[in-house]
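Read-outs: derived from the displayed coordinates by stated rules, not from any lab. Because the structure is predicted, anything quoted here is derived from the model rather than measured. All Cβ positions, glycine included, derive from the backbone under ideal geometry; neighbour counts span all protein chains shown.
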Amino acid sequence: MADTKMMSFLDHLGDLRKKITVSLIVLLVAFMVTFNYSEYILGFLMFPLKYNLEFSVQKMYLYFSPQDKLNNMKLIFLSPVEGFWMNMKISLVAAMILSVPVFFQQLWSFVSPGLHGKEKKYVVPFVLTGTLLFLIGVSFCFFIVLPFAMSFLLSYKLGDYMMPMLSVGMYVDFCLKFVLAFGAVFELPIIILFFTRMGFVTPKTLAKHRKYAVLLAFLAAAILTPTPDAFNQILMALPIIVLYEVGILVSRIFAVKEVV
């Protein structure tokens with residue numbers, strides 16, 4: 001019996017190794033593609049720095065306007081290898097974003113042997129929903145949060161004594177950490193749905209402990225945001241709270257369908 005359990009455990013490890021290998025190969029291929037366009041990706045990453053997100057009260061819509069003070073800013077590098085490594089890092093993160101559907105597909109194929117027959121057919125919805133939520137999180141961060149954060153942080157009380165001068169390393173790290181953190185956080189509804197489906201929690205329990213979820217949202221935001229200021233933590237905590245409520249709603253709908 002012990003040998004059977006050991007073989008089963010080793011089989012799972014072997015299967016996990018195969019899934020990781022496939023994911024890494026796909027990531028490597030995507031990296032080879034994105035590295036050729038790293039300069040264009042870096043130019044795209046300058047968008048939050050050069051444009052400000054504003055709200056029109058009269059027409060009731062959001063729009064982007066050029067940052068007069070920052071529009072002509074160029075990033076500097078402080079060491080000979082900093083520019084090269086930033087191109088590598090940008091390419092790697094871009095490759096990770098392109099490979100997200102494969103990551104989800106490999107994750108599902110790893111856990112699917114332990115699922116029931118009806119649950120195995122959800123592979124396509126799982127991959128599509130997981131990828132879509134990740135891209136929504138990335139887009140929300142890049143087009144909403146980062147322009148707002150840059151406009152506030154780089155123009156707050158500058159006066160005649162301070163002038164922003166950013167290194168490419170610090171700016172790229174700041175943006176990429178935010179983007180990846182928001183992409184991961186937006187997977188919260190799927191995580192909640194998974195735990196409710198596995199029976200670890202119920203929608204009723206999640207709703208009952210909502211106040212603790214709010215507290216944990218701000219704690220998670222404090223850990224995930226690359227800066228210690230409360231402003232950026234609030235920008236991340238609020239979507240977490242909204243996604244928590246969405247997760248409760250989705251888990252309730254899923255539970256009702258299962259009962260019927």
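Remarks
- Rough spin-label spacing in nm, given labels placed 7 Å along Cα→Cβ, for Phe110 and Lys204: 3.4 nm
- R0 of 35 Å, Cβ-Cβ distance Met32-Leu153: FRET efficiency to nearest 0.05: 0.50
- Footprinting exposure proxy for Phe200, Phe77 (fewest neighbouring C-beta atoms within 10 Å first): Phe200, Phe77
- Relative protection proxy for 181-190, 81-90, 236-245, from highest mean packing down: 181-190, 236-245, 81-90 (other beta-carbon atoms within 10 angstrom).
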